[in-house]
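The values are calculated or read from the model by the stated rules, or taken from the named source; none is laboratory data. Keep in mind that what you see is a predicted model, and the values were worked out from it rather than measured. All Cβ positions, glycine included, derive from the backbone under ideal geometry; neighbour counts span all protein chains shown.
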Amino acid sequence: MKKGVFTSLPFVIFGILVVISFILSTRIYFSYNFEDFFPQGDPELDFYYTFREKFEHDDNFYVIAFENKKGILQQDFLYALDSATSAMAKLPDVENTLSLTQYRYFIFSPFGYIDYPALHIDDTARYVSDKEKIVADERIVGKLVNEDFTITTILLKINDTIGQKESADLVANLKNTLSAYDLYTYHMLGKAYFQAELIRLQRREFILYSFLSILLVTIITYVIFRRWACVLLCLTNVLITMILFLGLSGLLRIPYNALSTLYPIVLIIVGISDIIHVLTGYIFELKKGLYPAEAIRITKREIGLTTFITAITTAIGFLTLATSKVQPIREFGMMSAAGVLIAYLVTFYFTANMFPFIHQKWILRMKETNTARWDKLISFFYQTGISKSKTVAVTLILVVCVSFMGVLKISTNTHLGYGLPKNTQVLTDYDFFDDYFNGFRPFEIAAIAKDTFLVTDLVILQQIDAVENFAKSFDIVNGIQSTTLLYKSLHRAHHGDVVSAYMLPEDETTLEKYNTTLKKITPENINVLISEDKKCGRITATLTDVGTDSIRVMQQKINSFILQNTDTNQVEFIQTGTGIIFDKNTIYLRQNLINGLCFGFIPISLLIAFFHRNWKMFFISSIPNLVPLLICGGIIGIMGIELDAPTSIIFGIIYGIAVDDTIHFLSRFKQELNRGLSKEQAIFVTFNETGKAVFTSTLILLFGFSILMLSGTSATFNIGFLTTVTLLAAAISDVYLLPLLLRKWM
């Protein structure tokens, strides 16, 4: 009775945990927050947050563009545009709207300021003259219309704190509004748009990968074992692991983001790898004629410690990502490490305990032809490793040299659009604005007045104007405006609203008159360009997505101009903005990559050396797993793959997973040596008895990560492609390089 209770206790415990986890999993939510990928703790990020508090978020805009190759000056279209602009202003989370039809000029008269429309939509006879005046106005061109009048926009200012649900609602409301006015052809751009659309894609990919991964497990385990009982055991192991993991995610309320689509693949691969090693060992013991209870006891004893060590090393591999300054990468590393340990616990304390309850005939019997194929394959690798040892060594050296050359070519010249999913409307819209309009990358320059100076002083405004004009000279800078816009607009209004009068006043008296006028304007309309204390001004623009390297060159030139042409005792200029902060990420990627790999490589190798009580094992275990990482880096460099934040996690994933097979191989090798076999005999037995589990788990790894290549997102595709190729290289390294090192150094 007591034995029965004890035997069923693990099933009761896991049953309770599964129910609780299933309930907690309902707390999971998806998130797409551009700022999550900012490097935390960076001084420039802290400055940007302070700068943003003084003004506004630089990505709180939403743009809707309409294109007509024949020209946008069509009266019916302009009426619809005007009505849609007014209707959108009434939507929740929209603070204000502006389009060409609602832009108004001001002119100063003896009776005060008089406003009139820039475009008289009711009078088609004035379209030509209106167009001529608008084209000459830098406040409008590049923002509300392009120079040839084939593209026009509606600009919306959105609530800074808009959430995910509100973003989705806003996008739906905007589309409904456009449809109501028969505006069906358009392009959208904005943080809220990206947030709504990318979260929808994340959910879809998460569900798709979960389904495909489970289908993959079913197919591969059946091909390997040819027994549905084995398939059900593997599926049970994977499903319980996933449910417990989802429960942990719900408990901790960690948001699922772009990287979270990898969770199903990682969990299923790790879970199936564990269960295959245990199941293969169990079948091996059953074939010796042992009873099921004894077979599982010996299996746990023989490979339990080894599998535990592989779980720890895999977890350490993922924990290398915890050194990143990017929060989603840190969370992915820690949650994946937790998932690895959950998979180990489920395998050994739940699924393995089910084995004795299943009759041997449902597990043991395998077709001899299947076994013969495995034996033939394993024998091939073993024999060629001996007969072609020199070829193996020479090939290794060549591969390492080529890979090293590729590593030197790795570029961090990243593009924002690179991370958007291919063949989607989001990417089409992004490319449209980047190619034909202002682009999306926000760019800011803060102007901070020193000592007793204020940014409203003429001497400071003149220096801001100089920096603005220099920045404007770069082709990639679009839609630029600054604190000077307020004064230039007033100066133009006081001089008959002529284009040539759009300039700063030349004397203090005129400037003081304009400052008096500005005091009468609503503060929220002024404080987007001048801080409340008048100590900080702003130059704001958007950049074409030409890559971080080109943008850094521009930044350096702007900084040089500032040093040579401004008085740093009077005003300080600091480049900032979400685009610049995001680019700063790439500087940390290589540093975090190296630190993370060292954090994982050294402890794992030391652990293996300690386990074998032989310090030679430090190098024997390290080299076969460092070579695949070098190959991965070489592929990235040679193929010109951008080393962005998601791609940088590949190395931690690969090292943590690839080292598993090395540990299983070396552990079996040690056991055979302890039984009195010679070195070569131990290698031979290890090949034959551990080889199948190594090859099958590698096969599952390859197929599992190859699923990610179905993604339309470049970063996810790259993770799938690079991980698949590198794990294949790791498997080849284990069967050729590892035995070679054992023969030479042991």
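Of all residues in segment 99-116, count the ones that are under 45 Å from the mean Cα position of the chain (by Cα) and surrounded by fewer than 17 Cβ atoms within 10 Å (Cβ to Cβ).
Restricting attention to segment 99-116, the residues satisfying the condition of being under 45 Å from the mean Cα position of the chain (by Cα) are 99-105.
Restricting the remaining residues to those that are surrounded by fewer than 17 Cβ atoms within 10 Å (Cβ to Cβ) gives 104.
Of the residues in segment 99-116, 1 are under 45 Å from the mean Cα position of the chain (by Cα) and surrounded by fewer than 17 Cβ atoms within 10 Å (Cβ to Cβ).
Any residue at all in segment 93-104 that's more than 27 Å from residue 342 (Cα to Cα), basic (Lys, Arg) and part of a helix (DSSP H, G or I)? Give the derivation first.
Kept after step one, since they are more than 27 Å from residue 342 (Cα to Cα), are these residues of segment 93-104: 93-104.
So of that shortlist, the ones also basic (Lys, Arg) come out as 104.
Right, trim to part of a helix (DSSP H, G or I) and you get none.
Among the residues of segment 93-104, not one is more than 27 Å from residue 342 (Cα to Cα), basic (Lys, Arg) and part of a helix (DSSP H, G or I), which makes the answer no.
Going residue by residue through segment 136-153, is there one that turns out to be assigned to a strand (DSSP E or B), within 40 Å of the chain's Cα centre (by Cα) and either closer than 20 Å to residue 498 by Cα or in the same structural domain as residue 260 (by TED's automatic domain parsing) (or both)? Show your work before the answer.
The first filter runs over segment 136-153 and keeps only residues assigned to a strand (DSSP E or B), leaving 141, 145, 151-153.
Next, only the ones that are within 40 Å of the chain's Cα centre (by Cα) stay: 141, 145, 151-153.
If we keep only those that are either closer than 20 Å to residue 498 by Cα or in the same structural domain as residue 260 (by TED's automatic domain parsing) (or both) too, we end up with 141, 145.
Checked segment 136-153: at least one residue is assigned to a strand (DSSP E or B), within 40 Å of the chain's Cα centre (by Cα) and either closer than 20 Å to residue 498 by Cα or in the same structural domain as residue 260 (by TED's automatic domain parsing) (or both).
If residue 442 satisfies every condition in (1) part of a helix (DSSP H, G or I); (2) in contact (Cβ under 8 Å) with a residue 40 or more places away in the chain but one, which is the exception?
Unmet for residue 442, out of (1) part of a helix (DSSP H, G or I); (2) in contact (Cβ under 8 Å) with a residue 40 or more places away in the chain: (1).
Considering only residues of segment 445-458 that are touching a helix residue (DSSP H, G or I) at 6+ places or on another chain (Cβ under 6 Å) and in a loop (DSSP other than H, G, I, E, B), which is surrounded by the most Cβ atoms within 10 Å (Cβ to Cβ)? Break it down into steps so the answer makes sense when it comes.
Just the residues of segment 445-458 that are touching a helix residue (DSSP H, G or I) at 6+ places or on another chain (Cβ under 6 Å), to begin with: 446-447, 449, 453, 456, 458.
Okay, now just the ones that are also in a loop (DSSP other than H, G, I, E, B), so 453, 456.
Values: 453: 17, 456: 20.
Among them, the one singled out is 456.
Please specify each residue of segment 158-188 satisfying the condition of being modelled with pLDDT of 90 or more and touching a strand residue (DSSP E or B) at 6+ places or on another chain (Cβ under 9 Å).
170, 171, 173, 174, 175, 178, 183, 185, 186, 187, 188
At least 1 residues that are at pLDDT below 90 and over 25 Å from the mean Cα position of the chain (by Cα) in each: list the strands (runs of 3 or more DSSP E) lying fully within segment 475-593 that qualify.
Working: elements: 477-482, 536-543, 571-576.
Correct list: 477-482.
One residue is enough: does segment 78-88 have a residue meeting the conditions farther than 15 Å from residue 180 by Cβ and surrounded by fewer than 18 Cβ atoms within 10 Å (Cβ to Cβ)? Full working, then the answer.
So in segment 78-88, the residues farther than 15 Å from residue 180 by Cβ come out as 78.
With the extra rule that they be surrounded by fewer than 18 Cβ atoms within 10 Å (Cβ to Cβ), the set shrinks to none.
No - not one qualifying residue is present in segment 78-88.
Among the residues of segment 46-60, is there at least one that is more than 32 Å from the chain's Cα centre (by Cα) and assigned by TED's automatic domain parsing to the domain that holds residue 175? Can you show your working first?
At the first step, the residues of segment 46-60 found to be more than 32 Å from the chain's Cα centre (by Cα) are none.
Among the residues of segment 46-60, not one is more than 32 Å from the chain's Cα centre (by Cα) and assigned by TED's automatic domain parsing to the domain that holds residue 175, which makes the answer no.
Output the residues belonging to segment 537-593 that are in contact with a strand residue (DSSP E or B) (Cβ under 6 Å, 6 or more places away or on another chain), among the aliphatic types (A, V, I, L, M) and farther than 22 Å from residue 458 by Cβ.
Answer for segment 537-593, where residues must be in contact with a strand residue (DSSP E or B) (Cβ under 6 Å, 6 or more places away or on another chain), among the aliphatic types (A, V, I, L, M) and farther than 22 Å from residue 458 by Cβ: 541, 543.
Among (1) under 31 Å from the mean Cα position of the chain (by Cα); (2) part of a helix (DSSP H, G or I), where does residue 642 come up short?
If we test residue 642 against (1) under 31 Å from the mean Cα position of the chain (by Cα); (2) part of a helix (DSSP H, G or I), just (2) comes out false.
Filter segment 411-459 down to residues that are over 28 Å from residue 528 (Cβ atoms) and β-branched (Val, Ile, Thr), then give me how many there are.
Selection size over segment 411-459: 4.
Could you say whether any residue in segment 21-32 is under 29 Å from residue 246 (Cβ atoms), part of a helix (DSSP H, G or I) and charged (D, E, K, R)? Spell out the reasoning first.
Applying the first criterion (under 29 Å from residue 246 (Cβ atoms)) to segment 21-32 yields 21-32.
Filter once more, so that each one left must be part of a helix (DSSP H, G or I): 21-27.
Next cut, charged (D, E, K, R) only: 27.
Yes - at least one qualifying residue is present in segment 21-32.
What number goes with the only condition from (1) over 27 Å from residue 637 (Cβ atoms); (2) part of a helix (DSSP H, G or I) that residue 704 does not pass?
(1)
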